[in-house]
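To start, the structure under review is shown below, and the notes come after it.
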Amino acid sequence: MAKIVPKASKRRLVFLGPIALFIIIYFLFTVGIYGFKLFSLSQKEIELKEKLVSLQAEEQDLKIEIQKLKDPDYLARYARENYLYSKDGEYIIKIEKNKEEKEEEKNYDKYYEYVIYGAGIILVLVFIYILIRSRKK
């Protein structure tokens, strides 16, 4: 025999059911948003800590460089190497790559790019071939 449910409890269920469902969905949505924000903040904290470590290392390197630049011999050598300064009676000859060497480097880069793309296409085709063969069995 079927259990008889009074009309009042049906009305309560029809009225309170959607409200309870809305509250549950809202709660789950809020918890999800909070969890996502917490996760993104922890990721950002990790990134900032890594950046802090790298900046501290860079600061140490710059302090060492400042100490080195206070030495006149190092300063003169640094200026000659980086800014093409010369001593008295010294000539500076700057040798640049010619156009042919530059073109050859560009062609090599294009060739390397074509090899990578070709290998990728071949891998995709082999993967598709294996999938087709496995479905036939």
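Just so you know, all these numbers are worked out from the coordinates, no wet-lab data involved. Nothing here was measured: the structure is a model prediction, and the numbers come from that model. All Cβ positions, glycine included, derive from the backbone under ideal geometry; neighbour counts span all protein chains shown.
A few comments on the model shown:
- Rounded tilt (10° steps) of 72-83 against the dominant C-alpha axis of the chain: 70 degrees
- Degrees between helix 99-136 axis and first principal axis of the chain (Cα, 0 to 90, nearest 10): 30 degrees
- Proportion of all alpha-carbon pairs of segment 7-94 beyond 21 Å (%): 69 percent
- Rounded to whole numbers, the Karplus 3J(HN,Hα) couplings from phi for segment 27-36 are 4, 5, 4, 5, 5, x, 4, 4, x, 5 Hz, using 6.51 cos²θ - 1.76 cosθ + 1.60 with θ = phi - 60°, and x at Gly and Pro.
- Distance (nanometres) between label positions extended 7 Å along Cα→Cβ at E58 and S9: 7.0 nm
- For the chain, built as a Gaussian network whose Cα springs stay under 10 Å, the top-fluctuating residue of A79, A57, A20: A20
- Amide H partners (placed H, <5 Å) of Y85, local residues excluded: R80
- Proximal lysine pairs, segment 7-94, alpha carbons under 30 Å, eight or more residues apart or interchain: 13
- Residue range of the chain that is longest and free of chymotrypsin sites (Phe, Trp or Tyr not before Pro) which are both DSSP loop and sparsely packed (at most 14 other C-beta within 10 Å): 1-84
- Residues considered: V14, V53, V31. Largest GNM mean-square fluctuation over the chain, using C-alpha springs under 10 Å, is found at V14.
- Y74-K49 FRET efficiency (beta carbon distance; Förster radius 30 Å; 0.05 resolution): 0.35
- Spin-label model, S40/Q67: points 7 Å from Cα along the beta carbon direction are separated by 4.4 nm.
- A Gaussian network model of the chain, with springs between Cα atoms under 10 Å, assigns the largest mean-square fluctuation among K102, K63, K87 to K102.
- Spin-label model distance (nm) - I130 vs Y91, 7 Å beyond Cα toward Cβ: 6.3 nm
- Count Lys and Arg as plus one, Asp and Glu as minus one, and take only other residues whose Cβ is under 12 Å from that of K68; the net charge is then -1.
- Rounded Å value of the spacing that divides the Cα centres of segment 62-76 and segment 1-56: 59 Å
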